[in-house]
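The values are calculated or read from the model by the stated rules, or taken from the named source; none is laboratory data. Computed from a predicted structure; not experimentally measured. Neighbour counts run over all protein chains shown; Cβ positions are idealised from the backbone, glycine included.
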Amino acid sequence: MLIKVKNIILLLLTLIFFYSVAQYYFSEKNIKRVNKLRLTYLINDLEKLPLLKNNTFDVIEYKNDVQNYIENKKKYSFENLIKKN
């Protein structure tokens with residue numbers, strides 16, 4: 001009997017703890033405070049960021065590797081049998 005009462009009390013205390021934590025976490029006061037802190041950190045971090053020059057112009061070089069492969073490919077005699085005239 002004593003174990004059941006102890007378990008019920010522990011269950012109630014656990015439920016009360018989770019309820020009070022959730023109530024504080026989702027309260028308007030906490031949400032406003034968190035948003036205000038995030039905004040101040042964001043503004044402070046944006047001021048410290050350096051502005052970098054764009055140096056990505058003409059970075060990609062296009063090559064004609066497929067055409068070179070076709071031209072340099074060794075010719076086999078059985079290919080003539082497969083070709084359509």
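Would you pick out the residues in segment 19-34 that are part of a helix (DSSP H, G or I) and either surrounded by fewer than 10 Cβ atoms within 10 Å (Cβ to Cβ) or in contact with a Leu (Cβ under 6 Å, 6 or more places away or on another chain) (or both)?
Glu28, Lys29
Please state which of the following conditions Val34 fails to meet, knowing it meets all the rest: (1) more than 30 Å from Val21 (Cα to Cα); (2) at pLDDT 85 or above; (3) of a type in the set (A, V, I, L, M, F, W, C); (4) under 23 Å from the mean Cα position of the chain (by Cα).
All conditions pass for Val34, except number (1).
Considering segment 37-80 alone, what residues qualify as being outside any loop (DSSP other than H, G, I, E, B) and basic (Lys, Arg)?
Residues satisfying the conditions are Arg38, Lys48.
Consider only pairs whose beta carbons are under 9 Å apart and that are at least six residues apart or on different chains; among these, list those whose first residue lies in segment 31-53 and is at negative phi and whose second residue is of a type in the set (A, V, I, L, M).
Final answer for the pair search is none.
Could you identify the single residue in Leu10, Leu15, Leu81 that is among the aliphatic types (A, V, I, L, M), without any contact (Cβ under 8 Å) to a residue 24 or more places away in the chain and surrounded by fewer than 10 Cβ atoms within 10 Å (Cβ to Cβ)?
Unique residue meeting the criteria: Leu81.
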